[in-house]
Amino acid sequence: MSKEKKKNICDYISWRGDLSFKNAPFNEVDAMIFAQLSYLHMDGIASNNLDDVISINELAREFMASPDFETRSHNGPFINAQTVDLLELASQSERFGNSKICYFTDDLDLKQEKQFSAYTAILDDDTIFIAFRGTHEEIIGWKEDLNMAFETPVPAQLESVNYLENVAKHFKNKEIRIGGHSKGGNLALYAAAFCDKATKKRIKMVYNNDGQGFEKSILESEEYKEITDKIQTVLPHSSMVGILLPHIGKIRIVESSNSDLMQHDAFSWQVLGNAFVTVPSRTKQSLYFEKSVQKWLKNLDTDRKKEAVNTLFDIISVSGANTLTEFRESFLKSSPKILHYFKEVDERTKKDINSFLKIFISSKVVSIIDDKLPWDK
C-alpha cells in the first residue's frame, strides 16, 4: 500500500471542505486555519460590532474587490502571502464559507506598547471560535512580545480577557473554542486562564499554535491550572518562537517542510487527514535554542531584561521605521545612526544585547551536533 502524501492547510480545505462542522467535528487543523485568517486586514469589511455579522464567503468577495486590495494583502515579511489564497479557498468551501465573522478588533497603541487584534467566528455546529492574531509587522508588536520576558500581563493579554468575556456575554448559550498562532496563541491561553469563572466553564478547547508560554508564576497559578486539560499546544519540530517561554499541558510536535525559524509558518506544517503529522521530538537545534534563551533570561534580573529590550528597540527606532518592511527598506540608510547609537549604550547593556543576539546565531549551527548538547556535558 502506498503511503499517502503529506499536505498542508490549503490541501486540507480541498479535501475536507465539502463537509460542514455538523457533519465532521472541529479539529486542530480547523483551528489553525481560523487563526491564520486573523492576520488579514479585515478593517472596513468585517464589523467591530457583535451583532453585525458577515460570512467568510462575503468577506472574501469584498476583500478581493476592495480598491485597496494590494495594501490589504500586504502583511509584512513574516506572514505568508498565501493567507489571501487561504481566505479565497475557505470562502468557496461548505465547511468555512458560511461561517459568520463579527467583532473584528484591531488596536495598535504606541504609548501603551500594545498590538491586539481578534475576530469571532460563528460556526454551523452552534459553537463559536475566537481567533487572536499573532504579531504582525508593526515593530511595537514585537516590542510587546519581548516585554513578556519581564512583564505579565502586557496590555494585549489584558485586552484578550476583555474580548473573550464580551463575546461570552453576547453569545450566552454557545460553547467556545479559542486559539491563535504565535503571540495569538499566548493571548488565547492567557484569556482562557484569567477570564471569569462562568466563561471558563464554557470553553471547550484552547489551541496554541507555536505561541510562547509563560513565566513560572503564571504556569503555577490556580487560574492556569484550571484550564490545563483544555490546552493543546502545537510546536513545529524546530520551533524557535513557541519555546521562548515555558509550557504545561498537552504538546504536539508537528512536522514542517521548512527549516529553522521559517518553521513558524503554519503553511509549512504537514497535514494528513484531519490532523497534523506529528514527530516524536523537537530537533537538537530547537532544544539548544530554548535552553540558551532560558539561561539568558535566568541570568538577568527584571531591570536588566527591561533595559536590554528597551535599548534594543530604541536602536531600531533610530531608523524612524514603524514596521518591519520600513525597517528593512531604511536599514542601509539608517545603519550609520544605528551603529552610532549602539556605541553610546553602556557596556553592561551592550553585553546583554550581544549575548541575546548570539543565541540566534549559534542556534543556526547546533543542528550539526551529533553527540551531546552543550548542557549535557
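Could you list all residues from region 98-124 that are of a type in the set (S, T, N, Q), over 18 Å from the mean Cα position of the chain (by Cα) and open to solvent by less than 50 Å² (accessible area, probe 1.4 Å)?
Step one: list which residues in region 98-124 are of a type in the set (S, T, N, Q), which gives 98-99, 105, 112, 115, 117, 120.
From what's left, over 18 Å from the mean Cα position of the chain (by Cα): 98-99, 112.
Residue satisfying the conditions is SER99 alone.
Here are some residues: SER319, SER281. Which one is outside any helix (DSSP H, G or I), at pLDDT 90 or above and of a type outside the set (Lys, Arg)?
Working: SER319 fails: at pLDDT 90 or above.
The conditions single out SER281.
To keep it simple, each residue is scored yes or no on (1) within 19 Å of the chain's Cα centre (by Cα); (2) surrounded by 22 or more Cβ atoms within 10 Å (Cβ to Cβ); (3) of a type in the set (A, V, I, L, M); (4) outside any strand (DSSP E or B).
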site	(1), (2), (3), (4)
LYS204	no, no, no, no
ASN208	yes, yes, no, no
SER217	no, no, no, yes
LEU235	yes, yes, yes, no
SER239	yes, yes, no, yes
PRO246	yes, no, no, yes
ILE251	yes, no, yes, no
LEU261	yes, no, yes, yes
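Answer yes or no as to whether PHE78 is aromatic (Phe, Trp, Tyr) and at pLDDT below 95.
Answer is yes for this residue.
Could you check, for region 219-228, whether at least one of its residues is modelled with pLDDT of 95 or more, open to solvent by less than 20 Å² (accessible area, probe 1.4 Å), part of a strand (DSSP E or B) and of a type in the set (Val, Ile, Thr)?
Scanning region 219-228 turns up no residue that is modelled with pLDDT of 95 or more, open to solvent by less than 20 Å² (accessible area, probe 1.4 Å), part of a strand (DSSP E or B) and of a type in the set (Val, Ile, Thr).
Identify all residues within region 293-311 that are open to solvent by 30 Å² or more (accessible area, probe 1.4 Å) and among the hydroxyl-bearing types (Ser, Thr, Tyr); write none if there are none.
THR302
For a quick check of your reading of the model, give me the residue pairs whose first member lies in region 190-212 and is in contact (Cβ under 8 Å) with a residue 12 or more places away in the chain, whose second is crowded, with 20+ Cβ neighbours inside 10 Å and among the aromatic types (Phe, Trp, Tyr), with beta-carbon atoms closer than 6 Å and at least 6 apart or on different chains.
Within 6 Å, the pairs are ALA193/TYR224.
Could you grab me the full set of residues in region 22-48 that are in a loop (DSSP other than H, G, I, E, B) and within 29 Å of ASP107 (Cβ to Cβ)?
The initial filter retains those residues of region 22-48 that are in a loop (DSSP other than H, G, I, E, B), namely 22-27, 38-42, 44-45, 47-48.
Within region 22-48, PHE26, SER38, TYR39, LEU40, HIS41, MET42, GLY44, ILE45, SER47, ASN48 qualify.
Search region 318-336 for residues that are under 17 Å from TRP142 (Cβ atoms) and pair each with any residue that is assigned to a helix (DSSP H, G or I) and small (Gly, Ala, Ser) when their beta-carbon atoms are under 6 Å apart and the residues are at least 6 apart or on different chains.
SER319/SER330; SER319/SER334; ALA321/SER330
Yes or no: ASP11 of a type in the set (D, E, K, R), open to solvent by less than 20 Å² (accessible area, probe 1.4 Å) and modelled with pLDDT of 95 or more?
no
Among the residues of region 165-191, count how many are touching an Asp or Glu at 6+ places or on another chain (Cβ under 9 Å) and either assigned to a helix (DSSP H, G or I) or closer than 14 Å to THR105 by Cβ (or both).
So the answer is 8.
When residues of region 75-97 are filtered for being closer than 20 Å to ARG61 by Cβ, open to solvent by 40 Å² or more (accessible area, probe 1.4 Å) and in contact with a helix residue (DSSP H, G or I) (Cβ under 9 Å, 6 or more places away or on another chain), how many remain?
Residues in region 75-97 being closer than 20 Å to ARG61 by Cβ, open to solvent by 40 Å² or more (accessible area, probe 1.4 Å) and in contact with a helix residue (DSSP H, G or I) (Cβ under 9 Å, 6 or more places away or on another chain): 5 in total.
Taking the residues in region 125-180 that are closer than 18 Å to ILE243 by Cα and among the acidic types (Asp, Glu) as candidates, determine which candidate is nearest to the chain's Cα centre (by Cα).
ASP145
Okay, residues lined up against (1) under 24 Å from the mean Cα position of the chain (by Cα); (2) of a type in the set (S, T, N, Q); (3) closer than 23 Å to VAL277 by Cα:
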residue: TRP15; (1), (2), (3): no, no, yes
residue: ALA24; (1), (2), (3): no, no, yes
residue: ASP51; (1), (2), (3): no, no, no
residue: GLU62; (1), (2), (3): no, no, no
residue: GLN82; (1), (2), (3): yes, yes, yes
residue: ASP85; (1), (2), (3): yes, no, yes
residue: PHE96; (1), (2), (3): yes, no, yes
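The values are calculated or read from the model by the stated rules, or taken from the named source; none is laboratory data. Keep in mind it's a predicted model, so treat the numbers as computed, not measured. Cβ coordinates were reconstructed from backbone atoms using ideal geometry, including for glycine residues, and neighbour counts include every protein chain displayed. Only protein heavy atoms, including side chains, enter the accessible area calculation; ligands, DNA and RNA are left aside. Shrake-Rupley method; radii C 1.70, N 1.55, O 1.52, S 1.80 Å.
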